[in-house]
């Protein structure tokens, strides 16, 4: 079997919501092995933050190894992050494909977010508040609109021109949804059924006393143990779930800072995404509870996305 090289264009042409969310659901519910990822600083002590990371995972069908470089000081037109995913046959070890990892990461991050919402948000959720207008934002809108009957999407970000670009990009695909710029974040949080933050902000953006009963919240922009997108109050008011304990318990400041304050224990995390998909952890249990999902990304989503693109070749 010849090794296939799968481009970003092919990934975009083959992965679709909600079908890919169903694929993720099956992957997380099924047997898999996912060792902790390794993030290796390339020049420790130099003042630079360049890094190389490896995310291995395998199931009964394929072995996947995602590798990415992170060079935050790159200047345009260079990107700060480059990524490829290697796929191997689980049966024979034969190399199968090299898949563009940047596009798969966007699809799987948004897909995992929407999959968690499928289990944790109210089925009648109509208003989504999205914080952030970066590369991931269009994927998040499309993924969440495929699993809940959204009628209104509130867009919040630091750069109004980026929000307008995002609105013009996605609104033609969703004529039944109204898109509005949120200028008062507290007011927007109080109106939302689902709050998704994908900003990477070093500062707290969402406060627990802004969130009304029955809201599902999702934080996926921060990957640092000493930073967070929401405050301690929201964590302690919520039933908390994570995409993967091993990674979140090392990198998610949303959880680790409340632990350091003595306000929360990691034992209070009710389950991983795999537990929700298998039914071993209960999803939403009532219309008034607040739920919180924290994701820092995990290799199983990359495996599912790369394998789906490879099968479609």
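The values are calculated or read from the model by the stated rules, or taken from the named source; none is laboratory data. Nothing here was measured: the structure is a model prediction, and the numbers come from that model. Counting neighbours? That spans all protein chains shown, and the Cβs are built from the backbone with ideal geometry, glycine included.
Side notes on the structure shown:
- Condition check for residue 161: in a helix (DSSP H, G or I), surrounded by fewer than 19 Cβ atoms within 10 Å (Cβ to Cβ) and either outside the structural domain of residue 282 (by TED's automatic domain parsing) or touching a residue at least 12 places away in the same chain (Cβ under 8 Å) (or both): no
- Some residue of the stretch 71-81 being crowded, with 18+ Cβ neighbours inside 10 Å and within 18 Å of the chain's Cα centre (by Cα): no
- Checking every residue in the stretch 19-28 against the condition of being surrounded by 15 or more Cβ atoms within 10 Å (Cβ to Cβ), touching a residue at least 12 places away in the same chain (Cβ under 8 Å) and in a loop (DSSP other than H, G, I, E, B) gives zero matches.
- Residue in the stretch 115-137 that is modelled with the lowest pLDDT, counting only those that are over 21 Å from residue 185 (Cβ atoms) and within 17 Å of the chain's Cα centre (by Cα): 135
- Residue in the stretch 89-100 that is within 20 Å of the chain's Cα centre (by Cα), surrounded by fewer than 21 Cβ atoms within 10 Å (Cβ to Cβ) and either under 28 Å from residue 294 (Cβ atoms) or not assigned by TED's automatic domain parsing to the domain that holds residue 281 (or both) present: no
- Residue check for residue 176: closer than 13 Å to residue 129 by Cβ and modelled with pLDDT of 95 or more: no
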